[in-house]
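The values are calculated or read from the model by the stated rules, or taken from the named source; none is laboratory data. As the structure is a computational prediction, the values presented were derived from the model and not from experiment. Don't worry about glycine lacking a Cβ; one is built from the backbone with ideal geometry, like all the others, and counts go over all protein chains shown.
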Amino acid sequence: MKMQSAIEAKLADAFDVSILHVENESHKHSVPPNSETHFKVTMVSSAFAGQMKVKRHQAIYKVLAEELEMAGGVHALALHLYSPEEWEASGQVAPASPDCMGGSKADSVSVASGVQNSNGERS
């Protein structure tokens, strides 16, 4: 089963969700094509009513423990978790994810070997 499908299935089974959107954002990062390592989850559930954000996140981490702990599994997980009332108040829009600011492993190897840095200059 693909990682995104596994995340969707596990969250849908574990929570009474009214909205669940799992987006694979791996393509925005320095990972091989078709990777499934970086995800954004937007979820609305009555289970989150009255819960602090930390408790909500802990509940998600517990459900997705296998995906988070496995080698080559989920590297980054952006969580946007709302009660139905909070979702209404938000305008029904989750925040956009920021652009990746990290470099690739290839940049580090090139710089270390003296070939060329990320600005294209020889070291």
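Within the stretch 1-18, residues that are touching a residue at least 60 places away in the same chain (Cβ under 8 Å) sit with their Cβ atoms under 6 Å from residues that are hydrophobic (A, V, I, L, M, F, W, C) and surrounded by 12 or more Cβ atoms within 10 Å (Cβ to Cβ), at 6+ positions apart or across chains, in these pairs: ILE7/VAL22; SER18/VAL44. Of all the criteria given as (1) within 25 Å of ASP99 (Cα to Cα); (2) at pLDDT 95 or above; (3) of a type in the set (A, V, I, L, M, F, W, C), the one not satisfied by ALA47 is (1). Remark: VAL54 falls outside the filter, which requires a residue to be under 14 Å from the mean Cα position of the chain (by Cα) and modelled with pLDDT of 80 or more.
Residues that are surrounded by fewer than 16 Cβ atoms within 10 Å (Cβ to Cβ), among the aliphatic types (A, V, I, L, M) and modelled with pLDDT under 95 within the stretch 1-36 comprise just one, MET1. Residues of the stretch 62-75 that are free of Cβ contacts under 8 Å to residues at least 60 places away in the same chain and surrounded by 14 or more Cβ atoms within 10 Å (Cβ to Cβ): VAL63, LEU64, LEU68, HIS75.
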